[in-house]
Amino acid sequence: MRSAQISGEMIALGLLLTIFCPYMAHSKGIHIEEMNLNMEAWLGQNLTIPCALAKDADQDLDLDLSTVGVRWSKISLNRSKTDVYKFTGHSHEEIRPGSAIDENELKRGNASLTLHHVQRSDEGEYSCTIFVTPNKASDKRNVTVLAKPNITLSITALPIEPGRKESVICEVSKFYPEAVKIQWGKHNKSSGTWSLLDKPTYRTEIQENSDGSFNVSSQLVVEPSSPEENGDVYYCVVTHGSFSHDQNVSFTLIVKELSGISFLEVKMNIMLIGFAVLVGSAIWLFLYASPEVSEIVGLDDLVHMQTSSLTFMVSGFRLKNIEIHLYLKRTDSRVKIKSWKYPLPPPTIQYKGDPKGGESLSLAYNQVGSSLESEIQPLKPRGSFLSYSCLCSTDITPDKDSDEGAKLVVEVIHSAKKKVNSVIVCQKMQISEAEQVGEPIPLKHQEHQVGQ
């Protein structure tokens, strides 16, 4: 009887060993397969980082995932450590968006991590840890992110005459990492030699794109001296960490003498055309250009019942036929403060007696409107090669009660190509409070009701 009981216990123990032996075989002393620690990932593409439990060639693992855990973490280039992905007992935690572990592969001991649409931020040292209760194994992988540059030239062939200069642009775009080297080389057709150029080139600042890649360009100025350079080939040579060797693009020089026209004649024609354009511009400005009016200086310093000086500049006009008027515009009226004119209006002749009787004559300048308005003041325009300008100034004594919020209006009447035009500039007055001292200096003006 006792012998039969022992025999039954041995059979049950054998069954348990038969059930758990596969698990014990692969969970005891587990370790991860050895693989290359350094990996390259292409910006914008997918990457799978391998991590799998080592097993015998004839062994086929079938893990119970309720006893399995996986943790992927990363140390970035700035040495900060973050978790990337976690798996615990059928529960997936995707910390880095677009990361994944295949659960079916994990049953076979393969915990490889897939990263979709690799970014610059995915670069770093990755750690893979696999837990199979009660054991664990870890390994590391280094991931370097790369993006190969796109290299393009602004031209593929350059027709040019001897002595002329032309620029060629080499665009290098969408590359990562940032370090890049751009050189220019030349293949001399007549001698059959190739060499890097030592002439100056011009390189732009490196620009960063929204996806973390970079763009830069280099400019080469080509100036052939003779038709013998026809057929020479120029190269833009780019060195970058994503290339196993330097890459280049090229353009061919096509140098020909102008038929029937010497190079000196071409230069003379270009100079004559430039001179004609300059003269034409001067004539156009003289006949058609409208004057410009600057802001009125002194409006920021207006004080109640205190005299202030105002100045403004009128520029860009031709010398003849210009009038400048300064108005004070209130809500219901417009007051002329001062007028300027060039040239001065002709004087009127006033007789002090009968000229036949030998009495003397006197000359007086016309006044604008009534005698209450300001007399026309002489302008002193300053001339340049193309236009003229003048500085206008006057004094005012503002009254805050009646002038606050009023506008100063500058009206310029000028003549261009026998057509009278006007330019009007308007600025609002702001008057600060101050203690009134004495009587204000009155403005010489006459109020006119504002029309439409």
message: Among the listed residues GLY212, GLY231, GLY163, GLY192, identify the single one that is under 28 Å from TRP72 (Cα atoms) and modelled with pLDDT under 95.
response: GLY212
statement: Cβ pairs under 9 Å, 6+ apart or interchain, first in the stretch 128-145 and over 12 Å from ARG71 (Cβ atoms), second outside any strand (DSSP E or B) and aromatic (Phe, Trp, Tyr), ordered by first then second residue, are VAL132/TYR23
message: Show me the strands (runs of 3 or more DSSP E) found entirely inside the stretch 54-104 where at least 3 residues are touching a residue at least 60 places away in the same chain (Cβ under 8 Å) and not aromatic (Phe, Trp, Tyr).
response: 68-75
Unmet requirement for LYS107, which otherwise passes all of (1) out of contact with any strand residue (DSSP E or B) (no Cβ under 7 Å at 6 or more places or on another chain); (2) loosely packed, with under 14 Cβ neighbours inside 10 Å: (2)
Every residue from the stretch 247-269 that is closer than 11 Å to GLY163 by Cα, surrounded by 11 or more Cβ atoms within 10 Å (Cβ to Cβ), modelled with pLDDT of 60 or more and hydrophobic (A, V, I, L, M, F, W, C): VAL255, VAL266
Hits in the stretch 75-104 (condition: of a type in the set (A, V, I, L, M, F, W, C), farther than 15 Å from VAL145 by Cβ and surrounded by 15 or more Cβ atoms within 10 Å (Cβ to Cβ)): PHE87, ALA100, ILE101
task: Considering only residues that are part of a strand (DSSP E or B) and small (Gly, Ala, Ser), look in the stretch 175-224 and name the one that is surrounded by the fewest Cβ atoms within 10 Å (Cβ to Cβ).
output: SER195
query: Among the candidates VAL172, VAL168, which residue alone is within 25 Å of LEU47 (Cβ to Cβ), in a strand (DSSP E or B), in contact (Cβ under 8 Å) with a residue 60 or more places away in the chain and open to solvent by less than 50 Å² (accessible area, probe 1.4 Å)?
result: VAL172
query: Condition test on GLU373, is it buried (at least 16 other Cβ atoms within 10 Å of the Cβ), acidic (Asp, Glu) and either at pLDDT below 55 or in contact with a Leu (Cβ under 7 Å, 6 or more places away or on another chain) (or both)?
result: yes
- line: Residue set SER112, SER138, SER127; condition of a type in the set (Ser, Thr, Tyr) and either open to solvent by 40 Å² or more (accessible area, probe 1.4 Å) or more than 15 Å from VAL84 (Cβ to Cβ) (or both); output residue SER138
query: Looking at PRO442, is it at pLDDT 80 or above, part of a loop (DSSP other than H, G, I, E, B) and either more than 19 Å from ILE324 (Cα to Cα) or open to solvent by less than 30 Å² (accessible area, probe 1.4 Å) (or both)?
result: no
query: Taking into account only those residues within the stretch 70-92 that are of a type in the set (Gly, Ala, Ser) and in contact with a strand residue (DSSP E or B) (Cβ under 6 Å, 6 or more places away or on another chain), which is nearest to ASP122 (Cα to Cα)?
result: SER76
message: Please verify whether SER121 is at pLDDT below 95 and of a type outside the set (Lys, Arg), treating the condition exactly as stated.
response: yes
- request: Check the stretch 233-240 and report whether any residue there is open to solvent by 50 Å² or more (accessible area, probe 1.4 Å), closer than 30 Å to GLN45 by Cβ and either within 25 Å of the chain's Cα centre (by Cα) or basic (Lys, Arg) (or both).
  value: no
- request: Inspect all residues belonging to the stretch 410-419 and state whether any of them is in a loop (DSSP other than H, G, I, E, B) and either loosely packed, with under 12 Cβ neighbours inside 10 Å or at pLDDT below 80 (or both).
  value: yes
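The values are calculated or read from the model by the stated rules, or taken from the named source; none is laboratory data. Computed from a prediction, not measured in an experiment: that's the story for all the values here. We place every Cβ from the backbone using ideal geometry, glycine too, and count neighbours over all the protein chains shown. Just so you know, the surface numbers come from the protein's heavy atoms only, side chains and all, with ligands and any DNA or RNA stripped out. Shrake-Rupley method; radii C 1.70, N 1.55, O 1.52, S 1.80 Å.
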